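I have placed the structure first, in the form of structure tokens, so that the comments after it can refer back to it.
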Amino acid sequence: MSDHVISSPMTKEQLSDTLRAMAPDEGETLYIERRGDDYAWSEGNGLENAATLPDAWISYTGRWPALDDEKWREFFADLIAELESMTGDADRCRWPLDDPWSHHH
């Protein structure tokens, strides 16, 4: 992958297929953005050369369960839900605020 180069705009389904086929290594940071109905990705920080800010963006460094159909669908749905929560339309809090810290996902 070439660092900091944003992919061509794609649908959510194309993004899922592309990321799954890539099967990034754990610890590799990928940046994902949404502009309207279009999604794009890059390695590293995609905002460095952005002329305008996307509607939502997220960076992910972790395990990519690309080899398991069911886990991939669940993982990708959660990743997109987290991305969309950045637009203020969803509350992704997963535990009560008065519950002691520290929580691990």
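Can you report the number of residues in the stretch 29-42 which are surrounded by 18 or more Cβ atoms within 10 Å (Cβ to Cβ) and not small (Gly, Ala, Ser)? Talk me through it step by step, then tell me what you get.
Of the stretch 29-42, the ones surrounded by 18 or more Cβ atoms within 10 Å (Cβ to Cβ) are 30-34, 39-42.
When the remaining residues are screened for being not small (Gly, Ala, Ser), the result is 30-34, 39, 41.
So the count comes out to 7.
Can you tell me which residue among 66, 77, 90, 81 is assigned to a loop (DSSP other than H, G, I, E, B) and modelled with pLDDT of 85 or more?
Values: 77 fails: assigned to a loop (DSSP other than H, G, I, E, B); 90 fails: modelled with pLDDT of 85 or more; 81 fails: assigned to a loop (DSSP other than H, G, I, E, B).
Of the residues listed, the single one that is assigned to a loop (DSSP other than H, G, I, E, B) and modelled with pLDDT of 85 or more is 66.
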Inspect the stretch 38-61 for any residue being modelled with pLDDT of 85 or more, part of a loop (DSSP other than H, G, I, E, B) and in contact with a helix residue (DSSP H, G or I) (Cβ under 6 Å, 6 or more places away or on another chain) and give the result as yes or no. no
Selection from the stretch 59-84 of residues among the aliphatic types (A, V, I, L, M), within 17 Å of residue 27 (Cα to Cα) and crowded, with 18+ Cβ neighbours inside 10 Å yields 79
Per the list (1) exposed (fewer than 12 other Cβ atoms within 10 Å of the Cβ); (2) not in a helix (DSSP H, G or I), residue check on residue 21 breaks on (2)
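The values are calculated or read from the model by the stated rules, or taken from the named source; none is laboratory data. What you are looking at is a predicted structure, and each value in this text was computed from that prediction instead of being measured. Quick reminder, even Gly has a Cβ in these numbers, built from the backbone with ideal geometry, and neighbours come from all protein chains shown.
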